Structures are given as structure tokens and as C-alpha cells.
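Working notes, beginning with the structure itself.
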Amino acid sequence: MAKPIISSIFLPPPPHLHCTTIRKPPSLHLPNKRNPLIIRASYEVGGGYTQEELEARERGRTRPRPQQSSKDETNTWGPEQYEALLKGGEQVTSVLEEMANLLEDDQMDEESEELAVLLAAQGVIGKRVDQMESGFMMALDYMIQLADKDDDDKRKSLLEVIKETVLSHLTKKCPPHVQVVGLLCRTPQKESRHELLRRVAAGGGAFESENGAKVHLPGANLNDIANQADDLLETMESRPVVPDRKLLARLVLIREEARSMMGGGLLDERNNRGLSTLPRSEVNFLTKLVAQKPGEQVRQMIKNVMLGKDEGADRTDEEESKSVGTFSSGIAGKSSKPNPVRPGMFLETVSKVLGGIYDGNISGITAQHLEWVHQNTLQILQEIAF
């Protein structure tokens, strides 16, 4: 059986570029004095093909393909993006070549090979992470997309190993509270997140996970963690279109859970981020919820908004331009269309209203209703996030 080898990874030429020369992406040239570099089947990049396989692939290219339903995003790229993609592609290819040099030993079995690939990635990336081009991750993501379209699980697996290793090295260079936010975003269980927060607040250290692996946690302040998550989700929610609803839901959960573990809970004075005026959209939606009896219907209303529907629907460019044109009329822009309800700002509004009720010692049905809304919103965000 022929051994799979690392083959050249090509990047597509940029379309519609007004220039007279075309720069071809670099291909992986292996030294003649060495035998073909080998990576086992589960971590193959590209691959060698027999004559029969090549003929089958050629026949597949001539078959009519179904029309794609979505546009290729590369059609909208400019020359600068292609230049960054080419430079990043050169570095990805160089990383693959160096990893192949480290994995020349073909006497490994499959179990030891997976560990060897991880170690090779750690070693190669560790030396290069500070010199990486800005387009490295863009090229890596693009290659992963191509591998996915080609149904090449082996090539995709190796590229994803490289990506995870790069992200891991970059995370370690971040401040402790930023590292913790990244860890929490990858922790689906609520109880596990709470345990992680408790250990981080206690100073961190080395712990053993459920699968027996050692996990090193940095020490960080709960208030710093909550504020970091709040800053990130505020940036996402300020955009006309939320780019990633799952990530947004995770950040909201992290902020709320970190705040709830602080001394004063959700009403801790450190949670006051300077929100002096409650946003109109969130207040209107909260008033609509409180006016109805708690139940499945109200829960479905909350879920729709958290998913970006109804009052939470993103604004189109046309609506955005209209709102800018009508903002000057009326007091505080009352004539303009309200902004969409965002998960983070909605829970911030609920907490502020609850704080006002508790400060005035006004208990009763309204406070209980708001607590119900708060808890159900968190449950819905947990369903969306993971």
C-alpha cells in the first residue's frame, strides 16, 4: 500500500485583480536527498494517489456540479486580503514541512503517532508564534474550509491540531483573567464553570480533570473576569449584526456567573458599570414580559429574542441608514426605530430593575416575576451557547 505524503497546498489565485502579473502561492518542495516525508493516515495533509485514484478524481471533475446556494466569500476579497492570505499560507506550509521533518520515523504505531503529532506541533509553533504573519490564522481557516469541502478528514484533522496549538500559545500570552474567559468559553457544563471560577478565585494551580489530564489554572479576580466578558460582549452587541450568537451567549453566561459568585451577588456594587439610563428597547421588552403571567408563552418570547428574532432581530444596512437620518428629530431620538434587544444588555436591565426594587424594600409579585425572567433567560442562553 502506498504511503501518504505531504503534498503541496495551493491557494486560489485572486479573481478580478487589475494587475499584469499573477503571483502563484508557494508549494511545498521536499529535498531530493530525503525519502518522502511521512505522516500517518490520521494526520495526513494532502495525499499521494495511485493512477486509478487520479483517473477517478479527473472523472469527478467533469461531472456537472450542483449550483452553490451561497456565494463564495473570497469573491469579495481585495488585493490586501489576498496578499495576507499568501503570506500566511507560506508560513502554514513551512510549519507543515518542519513537522514532517520531525515525524520522519515511520516505525510509530497509531496510538503513539497522535501524541507525536501533538508534540511536533507544540515544538514548531512554540518557536514561531511570535513571528507569525497576520494572515496565518486566515490562511489556516481557509485551508480547513477547503479540506472540509473536499471531505478530506485527514488533512482537516492535522490543520485543526495546528490551529488549536496556535490558539493555546496565544492564550498563554494573555493576562490571567483573559485566559480564564477563554477556558470558560470551552466549558459547556454549568457546574464545571462554577468549579473553575472557585479554583481560579482561590489562586489557581494544577488540578486533575475527569479524564485524568493535568489542568493548570491561573489565579484571577472574579471582578476582572466579569468585566472582561462584559467588554467583549458589549463590542459584539454594539454591531448592527451579531456575528456569533453562540459566543455571545457564552460571554453573557460567564459575566453573570462570575458576578453571582462575588460577595454581593448580582447586586454587588462592583457590578455597576456606569449604566445610568436604561436602554429603551430592553425596557419595553421587559415591560411586555412582566405584563404577562409567567409560563411557556413568556419563555418562548424570551427565547425568540435571545436567538435574534422578533424584538431581537438584527438591523439591516437600510434600517441603520434610516435610523441615522431620523435620529435628530424628537427628544433622545424617540422618532427613530428602537435598537434590537441584546442578551447582555437585557440581563443588565433586569438586574438594574431588581436592584432598584430591593433597595426600596419593595418586594412582591414584580420582584418574583423578574427573578423568574432572569433565571429562565440564563437557562435559554445555556441551551443556545452549547
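Listed values, structure above:
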| item | result |
| --- | --- |
| P188, sole failed condition from (1) closer than 30 Å to D230 by Cβ; (2) in a helix (DSSP H, G or I) | (2) |
| Those residues of segment 210-236 which are open to solvent by less than 60 Å² (accessible area, probe 1.4 Å), outside any helix (DSSP H, G or I) and in contact (Cβ under 8 Å) with a residue 40 or more places away in the chain, in sequence order | P218, G219, A220 |
| Condition met for L119 (among the hydrophobic types (A, V, I, L, M, F, W, C) and within 28 Å of L196 (Cβ to Cβ)) | yes |
| Checking F207 against (1) more than 30 Å from R342 (Cβ to Cβ); (2) in a helix (DSSP H, G or I), the condition it does not meet | (2) |
| L115 vs. criteria under 22 Å from the mean Cα position of the chain (by Cα) and assigned to a helix (DSSP H, G or I) | no |
| The one condition in (1) surrounded by 19 or more Cβ atoms within 10 Å (Cβ to Cβ); (2) out of contact with any Lys or Arg (no Cβ under 8 Å at 6 or more places or on another chain); (3) in contact (Cβ under 8 Å) with a residue 40 or more places away in the chain that L184 fails to fulfil | (2) |
| Residue selected from segment 140-169 under the condition open to solvent by 60 Å² or more (accessible area, probe 1.4 Å) and part of a helix (DSSP H, G or I), by the criterion modelled with the lowest pLDDT | L167 |
| Residue in segment 324-340 that is open to solvent by less than 40 Å² (accessible area, probe 1.4 Å), closer than 17 Å to L251 by Cα and at pLDDT 85 or above present | no |
| Segment 191-244: number of residues that are in contact with a Ser or Thr (Cβ under 8 Å, 6 or more places away or on another chain) and under 27 Å from E348 (Cβ atoms) | 3 |
| Residue tally, condition buried (at least 19 other Cβ atoms within 10 Å of the Cβ) and under 12 Å from the mean Cα position of the chain (by Cα), over segment 237-254 | 4 |
| Test set (1) exposed (fewer than 11 other Cβ atoms within 10 Å of the Cβ); (2) assigned to a loop (DSSP other than H, G, I, E, B) - C174 fails condition number | (1) |
| Within segment 350-368, tally of residues that are closer than 16 Å to N284 by Cα and at pLDDT below 90 | 5 |
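The values are calculated or read from the model by the stated rules, or taken from the named source; none is laboratory data. Owing to the predicted nature of the structure, the values given are computational and were not obtained by experimental measurement. With ideal geometry, Cβ positions are generated from the backbone for all residues, glycine too; neighbour counts draw on all protein chains shown. For accessibility, only protein heavy atoms count, side chains too; no ligands or nucleic acids. Shrake-Rupley method; radii C 1.70, N 1.55, O 1.52, S 1.80 Å.
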